[in-house]
Amino acid sequence: MELSPDEYGAYWRASIRIAAGLLVIALARTITAPLFAYSNLGAVGLGVVLFVLLVLAGTFVATLGLARVVRTAVDAEMRG
C-alpha cells in the first residue's frame with residue numbers, strides 16, 4: 001500500500017486522536033479518584049458523573065481517530 005504525503009499525515013493525525021482518547025480515558029480514573037474517597041453522596045455522585053463524561057469523551061475521540069485510520073486505509077487500497 002503506497003501512501004501519499006496527505007494520507008501519511010492523516011494516519012499520524014488519526015493516531016494522535018486515538019492516543020488522546022485513550023489518555024483521557026486513563027486520566028478519568030485518576031482525576032475522579034479523590035471524589036470517590038469521600039463518604040458524601042454529592043461528591044461521589046459528582047465523581048461518577050465526571051468519570052462517565054470523561055470516558056464518553058475519550059471514547060468519542062478515539063473512535064473518530066479509528067474511523068479516520070480505516071477511511072484512509074480504504075481510500076489508499078481503492079486507489080492502488
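Computed values, structure above
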item: Hits in segment 46-80 - residues which are polar (S, T, N, Q) and surrounded by 15 or more Cβ atoms within 10 Å (Cβ to Cβ); result: Thr72
item: Selected residue (criterion: farthest from Val69 (Cα to Cα)) from residues of segment 3-51 that are in a helix (DSSP H, G or I) and of a type in the set (S, T, N, Q); result: Thr32
item: Answer from Ala43, Ala73, Ala37, Ala62 - the residue that is at pLDDT below 95, of a type in the set (Gly, Ala, Ser) and in contact with a Leu (Cβ under 9 Å, 6 or more places away or on another chain); result: Ala43
item: Some residue of segment 59-76 being in contact with a Ser or Thr (Cβ under 9 Å, 6 or more places away or on another chain), in a helix (DSSP H, G or I) and among the small types (Gly, Ala, Ser); result: yes
item: Matching residues in segment 61-75 - criterion: being over 9 Å from the mean Cα position of the chain (by Cα) and not hydrophobic (A, V, I, L, M, F, W, C); result: Arg68, Arg71, Thr72, Asp75
item: Selection within segment 1-45 - surrounded by 12 or more Cβ atoms within 10 Å (Cβ to Cβ) and among the β-branched types (Val, Ile, Thr); result: Ile16, Ile18, Val24, Ile25, Ile31, Thr32, Val44
item: Residue list for segment 30-71, filter: touching a Phe, Trp or Tyr at 6+ places or on another chain (Cβ under 6 Å) and hydroxyl-bearing (Ser, Thr, Tyr); result: Thr32
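The values are calculated or read from the model by the stated rules, or taken from the named source; none is laboratory data. Only a predicted model underlies this, so the values are computations on that prediction, with no experimental measurement involved. A quick note on method: Cβ atoms are made from the backbone with ideal geometry, for glycine too, and the neighbour counts reach across all protein chains shown.
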